[in-house]
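Data block below; observations after.
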Number of protein chains: 2
Amino acid sequence: MSRMAAKDRREELIAAAQRVMIRDGVTKATTRAIVNEAKMPLGVFHYCFSSREELLQEVLTRFTDATVAAARKMFEGEGDLGSRITRSLSAFWGTVELNPGEHQVSYELTHYALRQAGFEDLARRQYQHYREVHEELLAEAAEAAGIEWAVPVPVLARYLNSVLDGVTLSWLVDRDSEHSQEVLRLTGEHLLTLARERTRQAAGPSPAAEPSPAS
Amino acid sequence: MSRMAAKDRREELIAAAQRVMIRDGVTKATTRAIVNEAKMPLGVFHYCFSSREELLQEVLTRFTDATVAAARKMFEGEGDLGSRITRSLSAFWGTVELNPGEHQVSYELTHYALRQAGFEDLARRQYQHYREVHEELLAEAAEAAGIEWAVPVPVLARYLNSVLDGVTLSWLVDRDSEHSQEVLRLTGEHLLTLARERTRQAAGPSPAAEPSPAS
DNA sequence: TGTCATGTTGGTCGAGCGTCCAAGACGCTG
DNA sequence: CAGCGTCTTGGACGCTCGACCAACATGACA
């Protein structure tokens, strides 16, 4: 095989591993399946990676980074709060229906990480990143619309993240697009009801702790 | 080892498999690990099960049945709509914090089933059962409170199921009980806002005894 | 008591796995 | 040209896995 820098081969192996995982699942992504996908001899693997776990670690962080970047892009654009929310949820759902395998692999990697000693932090960071992005986007949307949220942003971010996760998982199982999108619409409307006029105060450190927000 | 009917041994092996899965994960539940947990010689396994997959299939349906039964029990009891919802969500959350391993295994089994040829239907049935229970409970609660839901019950059931799934998954990763319960509280309040007076039409035997149940 | 279905046991087989390595091939530099 | 770091390769090791089987033990029933 033509000579290639180890660093480049790493990238190709990572990409090949992602393809195998999406097609056949994380557990089927063996060293042999990966090098076979990349059309390389087996020996290459441990010349580029010290272990299979190192490769998986790399794949997991790539997935997280890509998801985070995609999420940020989804929220770009103008409009009032309602249309922003609707557009973002639609954009998210578009990626799910277009790339179901990637989302499925994301779940599999999470559960893999939860069981693998030394990988728990990776799973934690993954979800922390997701929630941070949601927090940013919620804060940014509130800022642009001149409102504030009736619920602490960290809670709202976790809520949003949970709904998206849950709806995606359900859809991966039964592929009921219509009902899934209805749920997202319902969630979007719910978020809108949680926007209220901004109270007079600087955007400084908010004391939080609201006793009884709704009704 | 003392003589025992094959049927009884099956049950013990299933129970042992569940214990191994909860402790070490689905992938670690090998035939050897299972018989070891059950303190039986290896040969027993294929005398009681034709294959490892047959055992897993059995475990998955047991998990689903147990979860469905537990969910039904959570919704028993009296009270107005608000307290019923709050109590049910609290009860659900109790099971999550008390038996995190079982919920984790449930996810792992779902993803396993999604990848295993011939198991897709099992995963589909699993989620369909969950949603059916949620539908029943929502309908029953509406009936008892004399209200109707502003959103079609199948959509609401999927929404509820998704939130519970998502919150549980997030919690399994970062164990943030406080925020998770806040999300459930928020969801409960959301559900309450979706209850409205029943419109005059054949909704069954009792025609709206209580006009305005929740606050 | 002898028969036979039923249950028990330890060992074994072939496949697949992650990992490792010796031997060679390449291509830049002096 | 020789030297040397970098890359390539096929094969091999040790292990675990699901599955299988021949031989034996048990106990109900005739």
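Consider the stretch A:154-170 and keep the residues that are within 22 Å of B:ARG158 (Cβ to Cβ) and open to solvent by 10 Å² or more (accessible area, probe 1.4 Å). The one that is farthest from the chain's Cα centre (by Cα) is A:LEU160.
Beta carbons closer than 8 Å, at least 6 apart along the sequence or on distinct chains, pair a first residue in the stretch B:37-65 that is under 28 Å from B:HIS103 (Cβ atoms) with a second that is away from DNA strand C (no atom under 16 Å from the Cβ) and among the β-branched types (Val, Ile, Thr) for B:GLU37/B:VAL20; B:LEU56/B:VAL26; B:PHE63/B:VAL105.
Within the stretch B:1-15, being within 11 Å of DNA strand C (Cβ to nearest atom), without any contact (Cβ under 8 Å) to a residue 24 or more places away in the chain and of a type outside the set (A, V, I, L, M, F, W, C) holds for B:SER2, B:ARG3, B:LYS7, B:ASP8.
For the condition aromatic (Phe, Trp, Tyr), open to solvent by less than 10 Å² (accessible area, probe 1.4 Å) and assigned by TED's automatic domain parsing to the domain that holds A:THR64, what is the one hit in A:TYR112, A:TYR127? Let's see the steps before the verdict.
Values: A:TYR112 fails: open to solvent by less than 10 Å² (accessible area, probe 1.4 Å).
That would be A:TYR127, the only listed residue that is aromatic (Phe, Trp, Tyr), open to solvent by less than 10 Å² (accessible area, probe 1.4 Å) and assigned by TED's automatic domain parsing to the domain that holds A:THR64.
Screening the stretch A:47-56 for residues that are surrounded by fewer than 18 Cβ atoms within 10 Å (Cβ to Cβ) and more than 15 Å from DNA strand D (Cβ to nearest atom) and picking the one that is nearest to A:GLU108 (Cα to Cα) gives A:GLU53. All but one of (1) more than 8 Å from chain B (Cβ to nearest Cβ); (2) without any contact (Cβ under 8 Å) to a residue 40 or more places away in the chain hold for A:ARG124, so report the exception by its number. Among (1) more than 8 Å from chain B (Cβ to nearest Cβ); (2) without any contact (Cβ under 8 Å) to a residue 40 or more places away in the chain, the lone unmet condition for A:ARG124 is (1).
Condition check: assigned to a helix (DSSP H, G or I) and more than 15 Å from DNA strand D (Cβ to nearest atom). Does A:ASP8 satisfy that?
On the way: assigned to a helix (DSSP H, G or I): yes; more than 15 Å from DNA strand D (Cβ to nearest atom): no.
For A:ASP8, the condition - assigned to a helix (DSSP H, G or I) and more than 15 Å from DNA strand D (Cβ to nearest atom) - is not met.
Look through A:ALA69, A:ALA91 and report the one residue that is open to solvent by 50 Å² or more (accessible area, probe 1.4 Å), under 25 Å from A:LEU172 (Cα atoms) and away from DNA strand D (no atom under 16 Å from the Cβ). Steps first, please.
Values: A:ALA91 fails: open to solvent by 50 Å² or more (accessible area, probe 1.4 Å).
Answer to the selection: A:ALA69.
Of all residues in the stretch A:144-153, none are under 12 Å from the mean Cα position of the chain (by Cα) and in the same structural domain as A:ARG72 (by TED's automatic domain parsing).
Taking residues in the stretch B:139-163 that are more than 9 Å from chain A (Cβ to nearest Cβ) and at pLDDT 95 or above, and partners anywhere that are in a strand (DSSP E or B) and open to solvent by 50 Å² or more (accessible area, probe 1.4 Å), the pairs with Cβ atoms closer than 7 Å and at least 6 places apart or on different chains are B:ILE147/B:ARG196; B:ILE147/B:GLU197; B:GLU148/B:ARG196; B:ALA150/B:ARG196.
Per-residue answers, yes or no, for (1) surrounded by fewer than 18 Cβ atoms within 10 Å (Cβ to Cβ); (2) more than 12 Å from DNA strand C (Cβ to nearest atom):
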site: B:ALA17; (1), (2): no, yes
site: B:ARG23; (1), (2): yes, yes
site: B:ALA29; (1), (2): no, yes
site: B:PRO41; (1), (2): yes, no
site: B:PHE45; (1), (2): no, no
site: B:PHE63; (1), (2): no, yes
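For A:LEU114, the conditions (1) within 16 Å of DNA strand C (Cβ to nearest atom); (2) modelled with pLDDT of 95 or more are fulfilled apart from (1). Each residue in the stretch B:145-183 was checked for being closer than 24 Å to B:HIS129 by Cα and not in a helix (DSSP H, G or I), and 5 of them qualify.
The values are calculated or read from the model by the stated rules, or taken from the named source; none is laboratory data. All values derive from a computational prediction rather than experimental measurement. Because the Cβ atoms are built from the backbone with ideal geometry, glycine has one as well, and the counts that use them run over all protein chains shown. Protein only, heavy atoms only, side chains kept; ligands, DNA and RNA dropped before computing areas. Shrake-Rupley method; radii C 1.70, N 1.55, O 1.52, S 1.80 Å.
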